[in-house]
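The values are calculated or read from the model by the stated rules, or taken from the named source; none is laboratory data. In this text the structure is predicted, and so the values were computed from the model without any measurement. FYI the Cβ positions are ideal-geometry reconstructions off the backbone, even for glycines, and counts take in every protein chain you see. Just so you know, the surface numbers come from the protein's heavy atoms only, side chains and all, with ligands and any DNA or RNA stripped out. Shrake-Rupley method; radii C 1.70, N 1.55, O 1.52, S 1.80 Å.
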Amino acid sequence: RNSTESTLAKKIVVASPTTWMVVTRLKFISESIPLFNRYLFPQAIGATLLISAAPFLILFLIPVESNTSKHQSLLKVLLSFASGGLLGDAFLHLIPHPFPISGGDHSHLMSVGLWVLAGIVVFLVVEKFVRHIKGGHSHGHGHSHGKCFGQKTVYINGSKDNIKVSGYLNLAADFTHNFTDGLAIGASFLVSPSVGLVTTVTILLHEVPHEIGDFAILVQSGCSKKKAMSLQLLTAVGAMAGTCCSLLAEGIGEAATAWILPFTAGGFIYIATVSVIPELLHDSKPVQSLLEILAILFGVVMMILIAEYE
């Protein structure tokens, strides 16, 4: 038998030296990794899929199909919740997270603040650039164009089903946010499965209100319900990428989050204050305005509770 295996091995080496090297390397890794680590990738990837799929399924229950007058009242309440969640996430989670418990030195504090400002400026530059190359401009005075109400009805192209720039900016911010979630999941499973499970539950609770808010922003930007859900599902690629990077390169999470988190916070602040809140200032009756303010506060409170128990 040994002579047969030796002959087969020689044939493989002659036929494909690269393949034989890969097989040998994989065998070495398999034998050298502890048993619990062999299940590391399936566990971490499974957890990432869970936090991506669960909020997505909840969106089926939201009775908003598109940005029309029929759904405008509920949509504006959801937008209010989104703005509260975005600002709460930025100021209570993303910005404080890079700070060490001891407070850190002045240069580190400055770097976090600069990354937040960089996020705001970059998102502004991107929106102005897209508006410039498409020949778009802002429409004020409460006019309504296409599917969107209020200001900033600039579309990526000429179809009535197109999405405003703010919708794509929100997707970009959501992608980077999901990437950091993936980094956290991967790093936690490297510690132990139990730590990974706790981290997964925490991020899942955080993602549910966040995804609802993102859904409202996409619908307000001109998406149908189906398209908004499909686009949100694509951002799950960011979480998968973050998890894989964290598992394959231990320690990358801490280095990456030092700038990704505050940069994403800047993006969230820009979207909430420039793209979402201005939509809430148009033609709101007293009861509707009260509901919108309560929804903003509810979004902030949700982020407070999540930040407290993270």
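Label-to-label distance for residue 233 and residue 283 is 3.4 nm, based on points extended 7 Å past Cα in the beta-carbon direction. Among the GluC sites (Glu not before Pro) in segment 193-287, those located in a DSSP loop and surrounded by at most 11 other Cβ atoms within 10 Å of their own Cβ are 250.
Pairs exceeding 21 Å between alpha-carbon atoms, taken from 164/227; 164/225; 226/285; 76/285; 76/164: 226/285.
Over segment 169-310, what percent of the accessible surface lies on carbon and sulfur atoms, probe 1.4 Å? With neighbouring chains kept in place, the figure for segment 169-310 is 76 percent.
In this calculation the C-beta distance from residue 258 to residue 126 is compared with R0 = 30 Å, giving a FRET efficiency of 0.85. Label-to-label distance, residue 54 versus residue 293, with points set 7 angstrom from Cα along the beta-carbon direction: 3.4 nm.
Couplings 3J(HN,Hα) of segment 222-235, computed from phi: x, 7, 6, 4, 5, 5, 4, 5, 5, 5, 5, 5, 5, 5 Hz, in residue order, whole Hz [Karplus 6.51 cos²θ - 1.76 cosθ + 1.60, θ = phi - 60°; x for Gly and Pro]. Residue-wise HN-Hα couplings along segment 197-208, as the Karplus relation 6.51 cos²θ - 1.76 cosθ + 1.60 with θ = phi - 60° gives them from phi, are 5, 4, 5, 4, 5, 4, 5, 4, 4, 6, 6, 4 Hz; Gly and Pro carry x. Accessible surface of residue 120, taken over heavy atoms with a 1.4 Å probe and every protein chain present, rounds to 50 Å².
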